[in-house]
Amino acid sequence: MDREAAFGLKRKAPKKAETKTQTHKKTAVKKEENRQQDMTMSVSPICVKDGKKYAFVRFADGSKNCEWTIPEVRLSSNDGFSEEEISGLKFYIKNNMADLKRMAAQINLFEVFKNG
């Protein structure tokens, strides 16, 4: 009697070798996950024009970038993002408006340039 049988353990069937297609699909999924993690967002300090406060939110993903004005959630520029991606970013901004405003309010330009 072997050890596994003595302890009541079942032997696992050996894993089936992955095909090239399965490996390729896994690699593509990992690349897609990494690509999504590479997007960056930056928020400007609060600006004031004609008594109205606003800030800019910029998203960049590789060679693609876009800029929004908040609190209007107005797309100021877009270079490369698809309509679907723009729709998703607009949804993100609307649902995180309070946090974005807080981020813009916390930026102290004097500290940025002093420590720059």
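Quick notes on this structure:
- Pairs, first assigned to a strand (DSSP E or B) in region 52-73, second exposed (fewer than 15 other Cβ atoms within 10 Å of the Cβ) and among the charged types (D, E, K, R), C-beta under 6 Å, six or more apart: Asn65/Asp79
- Residue within region 59-66 that is modelled with pLDDT under 95 and either more than 13 Å from the chain's Cα centre (by Cα) or within 23 Å of Cys47 (Cα to Cα) (or both) present: yes
- Tabulated pairs, region 75-88, first assigned to a strand (DSSP E or B) and surrounded by 12 or more Cβ atoms within 10 Å (Cβ to Cβ), second aromatic (Phe, Trp, Tyr) and modelled with pLDDT of 95 or more, C-beta under 9 angstrom, 6+ apart or interchain: Leu75/Trp68; Ser76/Phe56; Ser76/Trp68
- Check on Lys114, modelled with pLDDT under 95 and part of a helix (DSSP H, G or I): yes
- Scanning region 93-107 for residues that are free of Cβ contacts under 8 Å to residues at least 40 places away in the same chain and more than 21 Å from the chain's Cα centre (by Cα) yields one hit, Gln106.
The values are calculated or read from the model by the stated rules, or taken from the named source; none is laboratory data. Note that this is a predicted model, so its numbers are computed, not measured. In this analysis, Cβ positions are derived from the backbone assuming ideal geometry, glycine residues included, and neighbour counts consider all displayed protein chains.
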